[in-house]
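Input: a single structure, listed below in structure tokens.
The values are calculated or read from the model by the stated rules, or taken from the named source; none is laboratory data. Keep in mind it's a predicted model, so treat the numbers as computed, not measured. So basically every Cβ, Gly included, is an ideal-geometry build from the backbone, and we count neighbours across all protein chains shown. Surface accessibility is based on the protein's heavy atoms, side chains included, excluding ligands, DNA and RNA. Shrake-Rupley method; radii C 1.70, N 1.55, O 1.52, S 1.80 Å.
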Amino acid sequence: MQDVRLNILFKKYFDKTANQQEREELFSLVRIAANKENIEKEMELHWLNFNAKDNPFSVQDKSAMVEKILHFIDEEIIMPDKKIKTYKLFTKWVAAASIAIVVMAGSYFYFNNHKQLPEKVAYQNDVAPGGNGATLTLTNGQKILVNDVLSGNIAMQSGVKISKTPDGQIVYEITDNGSKSSGYNTLSTSRGEQTQVRLPDGTIVFLNAESSLKYPVSFVEKGKRQVFLTGEGYFEVAKDRSHPFIVKTTRQEVQVLGTHFNINSYDDEAATTTTLLEGSVLVSNSNLVQKVLRPGEQSVLSSGRIQVAPADVEEAIDWKNGEFIFGGDNFRTVMRKIERWYNIEVIYEPSAPINLQLGGFSSRSRNISTVLKMIAKTGEVHFRIEGRKVFVSK
């Protein structure tokens, strides 16, 4: 029966239809040594179905990769900048062959002829990853800690019922269409927290750590659905051609009718990025310069200018899928992501690297020491964990 279950979960993951519980179940099964033969069969099946002309690896390469992946199922390796090109090639093969399941299960990074360097992580105590949680501030100023309330009704206001599902999602439901309110609610996460909310129109919003979403209680106001975002959010907007959906951040405005997209607008990042998964969006800056995005594109707003380019969609929404994906990211950008999720303070010592770039990925469900050891294997950086402070040096 376990063989059948592994096959089902493998296929659902490859088709991107697996939910979080199924993903975690799959990762657990992959780590069981007795499943090695079945995993190899699944990988072989997808390898054979992969279009040979797009395959940059030989059969010998494939065998070596399978062996390494199965052998290092619990290893983590992040490559410095000079190996990023190799990492990107492998990622292309991973997506096509579904080997990503095995890779993500162990957070393994394949590389050619690269010797592992000694780990450089010292810690007095470990730090657990973040989890679901948020604070809901009602229009009357009342604050509700989402984690502290049981599933069921949370509050009633202006013809809207607010409830919490067993999995922690906040749900707004209109109970009186004739009731109107000009007030706003705010759902916010601190470091180490993430949450999701279903708005009255059916739109679902996922909030990353250290983010907030402000929205009107009656929701549709002056013919439009307008919300205000700080930090990072992923939106699955319900279609309503009569009422445009608008997301405002400090630097930009995004207008849609119904679509899926991600906005990263942290104040401590140099740029605001908007990544479109489906539909279309209109992005505009404070100077009213507008750009239309199509699926698979990303806009980058920096220094008042909007530039549009093809996006790495998986990396853009890694946080929503419970992962860290670093596609050649600047080291300090990576550390800010880690800082938000683990609710820690990063302290850079004078010798800390500045221009280091990283490529790789790991699960966000792992303790911080695991992620830092992975980065330390580049040999370019050293970490020391003391309580909730992480000291970084060469």
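Just a few scattered comments:
- The stretch between Asn132 and Asn321 holds 66.7 nm of extra length on full extension. This uses 0.36 nm per residue minus the Cα-Cα distance.
- Computed with a 1.4 Å probe over protein heavy atoms only, the accessible area of Asp240 comes to about 40 Å².
- Among the chymotrypsin sites (Phe, Trp or Tyr not before Pro) in the stretch 291-394, none is located in a DSSP loop while being surrounded by at most 13 other Cβ atoms within 10 Å of its own Cβ.
- The label-point distance for Asp148 and Ile204, in a model that sets each label 7 Å from Cα toward Cβ, rounds to 2.8 nm.
- Take the convex hull of the alpha carbons in the stretch 199-300; its mean projected area over all directions comes to 6.1 nm².
- Counting only protein heavy atoms and a probe of 1.4 Å, the accessible surface of the stretch 189-277 is 45% carbon and sulfur.
- Gain on full extension, evaluated as 0.36 nm per residue between Arg366 and Glu253 minus their Cα-Cα distance, stands at 37.2 nm.
- Potential extension, Glu22-Glu314 segment - 0.36 nm per residue separation minus Cα distance: 103.3 nm
- Set Lys224/Lys248; Lys373/Lys394; Lys337/Lys373; Lys164/Lys337; Lys224/Lys320 screened for pairs whose C-alpha atoms are more than 19 Å apart: Lys164/Lys337; Lys224/Lys320
- Rounded to the nearest 20 debye, the dipole magnitude of the stretch 219-312 is 480 debye, with +1 charges on Lys and Arg beta carbons, -1 on Asp and Glu beta carbons, and the Cα centre as origin.
- Computed about the Cα centre, the dipole magnitude for the stretch 245-394 is approximately 260 debye when only Lys and Arg (+1) and Asp and Glu (-1) carry charge, each at its Cβ.
- To the nearest 10, the accessible area of Asp201 is 40 Å² with a 1.4 Å probe.
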